[in-house]
Amino acid sequence: MTNENYNGWSNYQTWNVALWIQNEFSFYAVALACGSYREFLYSIAEDSVGLATPDGVSWFDPVLNFAELDAMIEEF
């Protein structure tokens, strides 16, 4: 990650979503099978996990940096 506005992420929302994906096994397991954040979104929608992280940040928030989240998922 080259932008360090919020703990190395472009904003709080992107950091929060990344944190949950990396630290909650059920989200991580889904992400392992995905090639992008959009694919992750489709997968969790099928599982009915809700519209937001347990902290209340929307998985679909328009300020999310999808490029950063894609890069994170690709590294798995």
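Here, each number is a calculation from the coordinates, and none is a lab measurement. The model shown is predicted, which means the values in this text are computed figures rather than measured ones.
Let a ≥ b ≥ c be the square roots of the eigenvalues of the Cα gyration tensor of the stretch 12-75; is it rounded (a/c under 1.5), or, if not, prolate (a/b larger than b/c) or oblate?
Details: a/c = 1.32, a/b = 1.04, b/c = 1.26.
Cα axes put the stretch 12-75 in the rounded bin.
Averaging sequence separations of C-alpha pairs under 8 Å and six or more residues apart, then dividing by the length of the chain, give the relative contact order as a whole percent.
Details: 71 pairs, mean separation 27.7, N = 76.
So the answer I get is 36 percent.
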